[in-house]
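Trainee: Quick one: structure below, then a few questions.
The values are calculated or read from the model by the stated rules, or taken from the named source; none is laboratory data. Quick caveat, the model's predicted, so the values are computed rather than measured. Counting neighbours? That spans all protein chains shown, and the Cβs are built from the backbone with ideal geometry, glycine included. When the accessible area is computed, the model is the full protein with side chains, heavy atoms only, and any ligands, DNA or RNA have been set aside. Shrake-Rupley method; radii C 1.70, N 1.55, O 1.52, S 1.80 Å.
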Amino acid sequence: MELYNILLVDDEADVLLAMKRKIDWEAMGFCLAGTAENGQEALEMAEQLHIDVVMTDIKMPYMDGLTLCRKLKQNYRNMKVVIYSGFDDFEFAREAVHLEAEEYLLKPISAKDMENVFRKIKEKLDQEFSEHRNLSKLSEYYKKSLPAMQEQLVMGMLEGKVTGDRAKNMLDTYEMHLESPYYVVALLYADINAKEANGNTQQLLTLSLKEMAQDYLKERIGFYSTVYLDEVILLFMLEDRNDMDKVLYHLDQVCKMGTRVLKAQVTAAVGQICDKMDHLTTSYQEARNAMEYRTIMSGSQVLYIHDIEPSPQESVSLMEYDFQNLMRAVKLGDRDETNAAIKQFMESIRNLSITPNQYQLLCMELLTELMKIGRSYKLRTKQIFGDSDIPWQELYKYISVDELEHWLQDVCTNLRHTLRHERTDSTMKLTEQAKTFIEDHYKENDLSADTLCRHLNVSAAYFSTIFKKEVGLSFVAYLTKIRLEHAVELLRTTEDKTYIIAEAVGYTEPNYFSYVFKKQYGISPSKYRANLQAQERARES
């Protein structure tokens, strides 16, 4: 049986003990994850533990139960809160209902009352968890989400983010059948009058254009269509290279129809035909490049990249995904993954039969991609290319294709190790910056992890993971440690009153400061000072 974690909160130790013993928590389906003596402590514990239910008294020092409930609901929307009180106060009960507390109980609470309350809460939690895990509902939700997921997958393939076996597996998972000997990507754009243009009109026009294109093409040619921003994207599946003429003809018909019906200039931009699904990103990019000619070739409705840029043989046809796979392996992969990506990259080059001019351009693009990685990590050129004797600026003049593979292995190995150290250094630097900020601002009573993260310009989730890993303590625990260390120093070196020291180290509530101090050191601040003074007198005598 799955147990739900519960946290009990009360400032009276005997009440906590009684609640712990009053019912058999495990038999009810709960695990007693911890107890807290006030709302502030409970809130800190909730940040560190996976709590499902909190049962709290209303009247407590430092932070009352209603405030705790409010903060818990803000941070953990699905957490269940039970509030109890010794005061039959309508305002308390009304506020508890407003905060969506599960129950508002009056003391004394009998074991039967608690069992009834937690039986209802368990049923509610069981239902919520079951709904999330219900296979039929998940299947229904999956089917509803499938079209959107399919569109995301296609865009990922077109942008070169999903390739190879991963693309094939995801196509199977998403029930898509796009296998074909040849592919070509086209874009459709409806250009409306500037005076009529607004986001809503443009989007409606794009959706209408997609529906029109689908109706025309569905009986004539194999295709998949989707909308991305303000364009219709068409992925054609062809049986023969000569079918490219059909694609251009049908797109011309769609453009003419769209221009006539929608009263807007409709343009189609078309990439070149390719014979591998992993090469879709090139055809897509070519179509996007062709669309850029729309403004200077306004008389044409179909812009075919082959017609606009008539010397494709002069350009390197190495697919962009090869660069992306290689760069992704360098940044994130291990040695074997990087070597496999290099091998795949070099096989693509050898299979191209490229000219000297193409080889020169390819090397320049490769160097550019490596430099981009280095720039993102603020690396110097030597950190990227190591101690190679080959002038990287004119790489293509000095090495053959076979030598390029060996050079690339050396550079990628060096760069991968450098990036690993840089990430480690970056993590350590972030942690040190956080420690410095805490040291400089611990006196501020409103210092929070959100404030620190805004200063560091990182997300709270990322910071929490990194800081806990590097320091071994959560932000709250580390801040408390620093504050108490400074408090001990003030107790040792000054005669200031406890409430002054509390304020000096960031606590607005002297009693809460004393509580936290005693919890850490086992004695009150005043007793701690007395012990220090006694030790000093003993040394002097």
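Trainee: For helix 510-521, report the angle its Cα long axis makes with the longest principal axis of the Cα atoms of the chain; keep it between 0 and 90° and round to the nearest 10°.
Mentor: In the chain, helix 510-521 runs at an angle near 80 degrees to the longest axis.
Trainee: For the pairs LYS378/LYS468; LYS331/LYS469; LYS443/LYS468; LYS168/LYS468, note any where the Cα-Cα span goes beyond 30 Å.
Mentor: Check vs 30 Å cut-off fails for LYS168/LYS468.
Trainee: Here's a follow-up. What does the helix-only formula give at 222 nm for the chain: each DSSP H stretch with n ≥ 4 adding -39500 (n - 2.57), the total divided by the residues, and the result rounded to the nearest 500 deg cm²/dmol?
Mentor: Using -39500 (n - 2.57) per qualifying helix, the result is -19500 deg cm²/dmol.
Trainee: Ignoring ligands, DNA and RNA, please state the percent of accessible area on the chain from carbon and sulfur, probe 1.4 Å.
Mentor: After summing per-atom areas, the C and S share lands at 48 percent.
Trainee: Can you tell me the orientation of helix 164-173 relative to the chain, as the angle in degrees between its alpha-carbon axis and the longest Cα principal axis, to the nearest 10?
Mentor: It is inclined by approximately 70 degrees.
Trainee: From the cross-link list LYS20/LYS137; LYS22/LYS59; LYS161/LYS246; LYS20/LYS527; LYS80/LYS107, which pairs have alpha carbons spaced over 27 Å apart?
Mentor: Over 27 Å Cα-Cα: LYS20/LYS137; LYS161/LYS246; LYS20/LYS527.
Trainee: Cross-link candidates for LYS343: which aspartates and glutamates have Cα within less than 12 Å, leaving aside residues fewer than 8 places away along the same chain?
Mentor: Correct list for LYS343: ASP322, ASP402, GLU405.
Trainee: What spacing in nm lies between the two simple spin-label points modelled at TYR377 and ILE23, each 7 Å away from Cα in the Cβ direction?
Mentor: The answer from the label model is 5.5 nm.
Trainee: With a 10 Å radius around each residue's Cβ, average the other Cβ atoms per peptide and rank 30-41, 98-109, 53-64, 251-262, highest first.
Mentor: 53-64, 30-41, 251-262, 98-109
Trainee: Sticking with this structure for a sec: Assuming 0.36 nm per residue, please report the length gained on full extension of the stretch SER145 to LEU32 beyond their Cα-Cα distance.
Mentor: 36.9 nm
Trainee: Right, another one. Here are some values of Kirkwood radius over Cα pairs in Å: [x] 23.7; [y] 24.4; [z] 29.9. Which one was computed from this structure?
Mentor: [z]
Trainee: Here's another thing I want to ask about it. For the cross-link pairs LYS73/LYS124; LYS276/LYS372; LYS122/LYS143, which exceed 22 Å when the distance is taken from alpha carbon to alpha carbon?
Mentor: Among LYS73/LYS124; LYS276/LYS372; LYS122/LYS143, the Cα-Cα distance tops 22 Å for LYS276/LYS372; LYS122/LYS143.
Trainee: To the nearest 10 degrees, how steep is helix 280-291 against the longest Cα principal axis of the chain, on a 0 to 90 scale?
Mentor: Helix 280-291 sits at roughly 70 degrees to that axis.
Trainee: While we're on this one: Normalised by the residues of the chain, what does the relative contact order come to in percent, with Cα pairs under 8 Å and at least six apart?
Mentor: 8
Trainee: So for the chain: antiparallel DSSP bridges make up what percent, rounded to the nearest 5?
Mentor: 50
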